[in-house]
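*Asks:* This structure is in structure tokens; I'll ask about it shortly.
The values are calculated or read from the model by the stated rules, or taken from the named source; none is laboratory data. Please read all numbers here as calculations on a predicted model, not as lab measurements. Using ideal geometry, Cβ is built from the backbone for each residue, glycine included, and neighbour counts are taken over all protein chains shown. We work out accessible area using only protein heavy atoms, side chains counted, and drop any ligands, DNA or RNA first. Shrake-Rupley method; radii C 1.70, N 1.55, O 1.52, S 1.80 Å.
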Amino acid sequence: MKKIRSKAPLRIGLAGGGTDLDVYCNEHGGYVLNTTISLYVHCNIQVNSSNVVIFESQDLKESVELPLSNKFELDGHMDLYKATYNTIIEKYKPNFEGFILSTYSDVPSGSGLGGSSTLVVSMIKAFSEWFNLGIGEYEIASMAFEIEREKIGIIGGSQDQYASTFGGFNFMEFYNNKNVIVNSLRIKPDILNELESSMVLYFTNIQRSASQIEEQKKSLLLKGPSLDAMHQVKKNAVLMKENLLKGNILKFAEILDQAWENKKKVSKAISNRKIDKIYNLAKDCGAISGKISGAGGGGFMFFIIDSSKKHKLINELKKQEGMVINFNFINEGVKSWIVE
């Protein structure tokens, strides 16, 4: 029986997160700096001769079995899977037969690394591989955005879909009418090695709902201090990109700290006492800067620290409730292949 596999990388949001929300970028334009890392969402499809479709999330321990159909009703249970299937049929009309589609992620749900968007990207790529659809990168990312944000209504921006699809370090521009430009950054290997050796990725073990955070942002972005803070977040993204390309890691890290302070001004839900405690502990260990990756409120944090002090920080973080995660930067986006 034919098997199709895919894997899509998760991302760290370095700067500009939130400026990719339509309520901001449609009027002001948004800039986001991010990078993909060696943590993935995996998708496996096993084709069979039945007239049954099974969707399975191995890490969430959820599944649904459905009779083969041209369209599945979205009822709140595994809708990301159903909506992806529906969209593939609607756009490309492939001749489906029975199959089992199962997925799992290398990180917990609600991580702040763009997991739900990356899941959709991995499924689209697997379907594209199965039927040899040849779906291009911009189309995969745009379709993933449409499925998650429009068909299901999950609140959020669009950096995650594009990061997972394209891979690598990217400076992304977001404009009105869902116009997105992905600028791949050519960063010298020595600079990347230094940044990687200076970073610590930490899962806080604090659960949060990204859509809840984004909903609060939406209500605040259009006026006053929150809007001003978002303008600063956008400027920080440009400055961080420039210093990264030049290899000025210290300045990059200092601006990252400014970006974190500006991001917290957007909404009170972005940080909390537990996150502040972890941040202050990292600073006490010598970290130059740190921030939450993603919408905020929990999930993953990352810190930049001189590599000579990195071991001390890791040891202190291990005493907390979360866990330090090893990673590498990767340059490739979503991949797929067939096992005969």
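*Asks:* So what is the 222 nm mean residue ellipticity for the chain from helices alone, if each DSSP H run of at least 4 adds -39500 (n - 2.57) and you divide by all residues, rounding to the nearest 500 deg cm²/dmol?
*Replies:* The per-residue figure over the chain is -12500 deg cm²/dmol.
*Asks:* Which trypsin sites (Lys or Arg not before Pro) from segment 59-122 combine a DSSP loop assignment with at most 14 other Cβ atoms within 10 Å? Working shown, then result.
*Replies:* On the way: sites: K61, K71, K82, K91; in loops: K61, K71.
Sparse-neighbourhood loop trypsin sites (Lys or Arg not before Pro): K61, K71.
*Asks:* Just one of (1) 1.23; (2) 1.03; (3) 0.99 is Cα Rg over 2.2 N^0.38 Å calculated from these coordinates, so which is it?
*Replies:* Of the listed options (1) 1.23; (2) 1.03; (3) 0.99, (3) comes from this structure.
*Asks:* Next question, about the same structure. With point charges of +1 on the Cβ of Lys and Arg and -1 on the Cβ of Asp and Glu, referenced to the Cα centre of segment 280-340, which listed residue (G299, M323, S289) lies farthest in the positive direction of the dipole?
*Replies:* After comparing all options, I get S289.
*Asks:* Also, quick follow-up: Calculate the dipole size of the chain relative to its Cα centre from +1 charges on Lys and Arg beta carbons and -1 charges on Asp and Glu beta carbons; express the result in debye to the nearest 20.
*Replies:* Rounded to the nearest 20 debye, it is 840 debye.
*Asks:* Farthest toward the dipole's positive end in the chain, which of V182, T19, S198, given Cβ charges of +1 (Lys, Arg) and -1 (Asp, Glu) about the Cα centre?
*Replies:* Comparing the listed Cα positions along the dipole, S198 ranks first.
*Asks:* Now, a different point. Heads up, I need the accessible area for R149: 1.4 angstrom probe, whole protein in place, Å², nearest 10.
*Replies:* R149 exposes around 40 Å² with every protein chain in place.
*Asks:* When ligands, DNA and RNA are left out and all protein chains stay put, how many square angstrom of accessible area per residue does the chain have with a 1.4 Å probe?
*Replies:* 43
*Asks:* Among all the lysines, which ones have a C-alpha under 17 Å from K7's C-alpha, if same-chain residues fewer than 8 places away are not counted?
*Replies:* K125, K335
*Asks:* Another one. Quick one: Debye curve from the alpha-carbon atoms of segment 1-150 only, equal weights, vacuum; give me log10 I(q)/I(0) at q = 0.08, 0.11 Å⁻¹ to two decimals.
*Replies:* -0.23, -0.44
*Asks:* Using just the alpha carbons, could you tell me how many Å³ per residue the convex hull of segment 123-279 encloses?
*Replies:* On the way: hull volume 24.1 nm³, N = 157.
Each residue corresponds to 154 Å³ of Cα convex hull volume.
*Asks:* When the accessible area of the chain is computed with all protein chains present and a 1.4 Å probe, what percentage of it is carbon and sulfur?
*Replies:* 46
*Asks:* Here's something else I'd like to know. Report, ordered by chain and residue number, the aspartates and glutamates lying within cross-link reach of K319, taken as a straight Cα distance under 17 Å and ignoring same-chain residues fewer than 8 apart.
*Replies:* D276, D284
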